[in-house]
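One structure is given here, and the rest of the page talks about it.
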Amino acid sequence: MRGQPERILIPAAEIERRIRFMGAEIRAEYPGQTILLIGVLKGSAIFLADLARAITGPVRFDFIGASSYGSRTASSGEVRLTKDVDMPVAGADIIVVEDIVDTGTTLDFILGQLGRRGPRSMKVAALMDKPARHQRDVPIDYLGFTIPNEFVVGYGLDYAEDYRALPDVWVLGE
Ligand code: IMP
């Protein structure tokens, strides 16, 4: 039945392992530096919370909100900001934290917005990527998992606002 989690795609233990590795990888590239993580609401909230702790050392975080106009499946390609960051981006080492890259439209827009404010460096960490769906060429510097073209929920990701708190990533039933 459509709208019900059907099977686990990525178990919580595997997510935890992968994020620990990503955190160490990130810290090794920013030794001693304060990293400003910018989570894209709302799906990245849980990933950001775990990633921030896995990085260890000086980390700050903030959130940005974006939503596409009209139907997402139609992929109009038009995105607007629903919440801006509170902290200054100029001169900061920022990492944009996304739950999943689908068409890449949201990330492309957010990188454009933040990039023109003069961060010292700007990278991207995404928990999941669906390369088969890309319509934009988006750089992903730190990636958790490449997944097939399926709709997933859990670990922050929703279907009509449900299932965000599931500890594992599930495939939604047809
Ligand atoms: P994009 O702009 O097409 O890359 O879409 C990115 C956003 O769409 C993500 O941040 C998610 O909020 C949402 N999204 C894309 N695919 C999925 C999915 O499989 N499950 C839940 N949300 C998704």
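If I filter segment 109-147 down to residues being among the polar types (S, T, N, Q) and outside any strand (DSSP E or B), which single residue comes out as nearest to the ligand (Cβ to nearest atom)?
Q135
Which members of segment 148-174 meet the condition of being in a strand (DSSP E or B), aromatic (F, W, Y) and near the ligand (Cβ under 9 Å from one of its atoms)?
Taking segment 148-174 first, the residues in a strand (DSSP E or B) are 152-154, 157, 159, 162, 169-172.
Filter again for aromatic (F, W, Y), leaving 159, 170.
The one that is in a strand (DSSP E or B), aromatic (F, W, Y) and near the ligand (Cβ under 9 Å from one of its atoms): Y159.
Residue-wise test of (1) touching a Ser or Thr at 6+ places or on another chain (Cβ under 9 Å); (2) not hydrophobic (A, V, I, L, M, F, W, C).
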| position | (1), (2) |
| --- | --- |
| Y30 | yes, yes |
| A45 | no, no |
| V89 | no, no |
| V97 | yes, no |
| G118 | no, yes |
| S121 | no, yes |
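Would you confirm, using the coordinates I've provided, whether F61 is more than 12 Å from the ligand (Cβ to nearest atom), aromatic (F, W, Y) and either free of Cβ contacts under 8 Å to residues at least 24 places away in the same chain or over 30 Å from Q4 (Cα atoms) (or both)? Steps first, please.
Working: more than 12 Å from the ligand (Cβ to nearest atom): yes; aromatic (F, W, Y): yes; either free of Cβ contacts under 8 Å to residues at least 24 places away in the same chain or over 30 Å from Q4 (Cα atoms) (or both): yes.
Spelling it out, F61 is indeed more than 12 Å from the ligand (Cβ to nearest atom), aromatic (F, W, Y) and either free of Cβ contacts under 8 Å to residues at least 24 places away in the same chain or over 30 Å from Q4 (Cα atoms) (or both).
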*Is it true that some residue in segment 70-81 is within 22 Å of D50 (Cα to Cα) and of a type outside the set (A, V, I, L, M, F, W, C)?*
no
*Which members of segment 112-135 meet the condition of being farther than 30 Å from P11 by Cα and surrounded by 19 or more Cβ atoms within 10 Å (Cβ to Cβ)?*
L114, P119
*Hey, could you check segment 13-32 for residues that are closer than 11 Å to I95 by Cβ and touching a residue at least 40 places away in the same chain (Cβ under 8 Å) and say which is nearest to the ligand (Cβ to nearest atom)?*
M22
_Given (1) closer than 26 Å to D168 by Cα; (2) hydrophobic (A, V, I, L, M, F, W, C); (3) outside any strand (DSSP E or B), identify the lone condition not met by I100._
(3)
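Select from segment 109-136 the residues that are small (G, A, S) and either within 12 Å of the chain's Cα centre (by Cα) or closer than 14 Å to F151 by Cα (or both) and list them in ascending order. Before the answer, list the steps.
First pass over segment 109-136, keeping only residues small (G, A, S): 112, 115, 118, 121, 125-126, 132.
Of everything in segment 109-136, those that are small (G, A, S) and either within 12 Å of the chain's Cα centre (by Cα) or closer than 14 Å to F151 by Cα (or both) turn out to be A125, A126, A132.
Specify which of the listed residues (S44, S67) is modelled with pLDDT under 95, closer than 20 Å to A160 by Cβ and within 14 Å of the ligand (Cβ to nearest atom).
Numbers: S44 fails: modelled with pLDDT under 95.
Just a single option satisfies the conditions, and that option is S67.
The values are calculated or read from the model by the stated rules, or taken from the named source; none is laboratory data. It should be emphasised that the depicted structure is a prediction, and the values quoted were computed from it without experimental measurement. Cβ coordinates were reconstructed from backbone atoms using ideal geometry, including for glycine residues, and neighbour counts include every protein chain displayed.
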